Amino acid sequence: MEKTCLFSVLLLAAGLSTQAQKIIPLYAGNVPNAKPSSVKEVQSSPGVFRGITKPTLEVYLPDKAIATGTAVVVIPGGGYSVVVYQGEGIGTAKALVQKGVAAFVLKYRLPSDSSMVDKTIGPLQDAQQAIKRVREGAAQWGIDPGKIGIMGFSAGGHLASTEATHFEKALIDNPQNTSLRPDFQVLVYPVISLRDSLAHRGSRDNLLGKNPSQQSVELYSNELQIRANTPPTYLTHAADDKVVDVDNSIVYFEKLRHQKIPVEMHIYPKGDHGFIFRQPSWIDPLFDWMKRNNWIK
């Protein structure tokens, strides 16, 4: 009996060690593109944030015995109006560390004319800085700097795909010329396009304003920004998604395929938006993909 109890304690300790966490500021100094404002961060409901002016990374490192050297920057969604931090961020990070993947949950600034000089670039600056911070801190965290991916949900999927297609132009200070390119991207029921035919209107309005120029719409319609160096991609969506049309993922898949970018897509017939909260097994095909591509063992 005593041996069984001891074994249980050891198992519990091992589980806790894989979920050790700390929160670090995303920027060491001043936050770029910020301006003085009265905006204050609030938790609008448990684990959901708005009014973020000081972005952070929450660090989850796997146990060294199972660490793969792979890392993922996790970007929760929320229509560019809130950040669904706990459900899509922390929950995903805990699943990743169990597979030996270091996870960095990004609490990013939401587009705001009140707190930003240019709200259209604020979230992308934070996504670029997240990749930069993780890559430059790779040795500290036991990470392979060539195995750093980005993962986003819903509007966070738009931000992740924006970083994966807009990495060549740095919108942040980058004196070491660190690569801002994610090595792979994972997009879960993502907003991809901001064109009228596909856009999630709330996300577009929040990022670009009510009457954006055609140039801005096309710049942030990421299916139009794919190049030969766009990272390998994993997409998953539900066909009956009533919030973000599944055609966002389908169009992105087709554009990637025609550019010969390695891409895999899983579409569930049912599940609607946010299906990860109702279908825990959604992540299993992702881990299979990661194994086949040598991101995890």
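Brief remarks on what is shown
- Only Cα sites of region 55-292 enter the Debye sum here, all with the same form factor; the resulting log10 I(q)/I(0) across q = 0.10, 0.13, 0.14 1/Å is -0.41, -0.71, -0.83, listed in q order.
- Placing dummy labels 7 Å off each Cα toward the beta-carbon, the span from Gln98 to Val243 is 2.3 nm.
- Efficiency of FRET between Lys64 and Lys169 - r from beta-carbon atoms, R0 30 angstrom, step 0.05: 0.25
- Whole-Hz ³J(HN,Hα) from phi, Karplus 6.51 cos²θ - 1.76 cosθ + 1.60, for region 132-142, glycine and proline x: 4, 4, 5, 5, 6, x, 4, 5, 4, 9, x
- Here r is the Cβ-Cβ distance between Asp284 and Gln259 and R0 is 30 Å; the resulting FRET efficiency, rounded to 0.05, is 0.60.
- Unit Cα scatterers, Debye sum, region 241-297: log10 I(q)/I(0) for q = 0.24, 0.31 Å⁻¹: -1.08, -1.16
- Mean shadow area of region 71-201, taken as a quarter of the surface of its Cα convex hull (nm²): 8.2
- Local net charge near Trp295, Cβ-Cβ under 13 Å (Lys/Arg +1, Asp/Glu -1): +1
- Between region 224-281 and region 180-214, the C-alpha centres lie 13 angstrom from each other.
- Sites Gln214 and Phe277, calculated FRET efficiency, Cβ-Cβ separation with R0 35 Å, nearest 0.05: 0.45
- Charge-dipole axis of region 55-292 as Lys and Arg at +1 and Asp and Glu at -1 on Cβ define it, positive-most pick from Ala71, Pro55, Thr236: Ala71
- Computed over region 106-151, relative contact order equals 28 percent, with contacts defined as Cα pairs under 8 Å that lie 6+ residues apart.
- Taking each residue as 0.36 nm, the span from Trp141 to Ala228 lengthens on full extension beyond its C-alpha to C-alpha distance by 28.3 nm.
- Relative contact order computed over region 55-292 (Cα-Cα under 8 Å; 6+ residues apart), in percent: 17
- Here the dipole of the chain is about 420 debye; that uses its Cα centre as origin and unit charges on the Cβ of Lys and Arg (positive) and Asp and Glu (negative).
Each value in this text was obtained by applying a stated rule to the coordinates, not by laboratory testing. Every value quoted in this text rests on a predicted model; they were computed, and no experiment measured them. Every residue, glycine among them, receives a Cβ derived from its backbone with ideal geometry; neighbour counts consider all protein chains shown.
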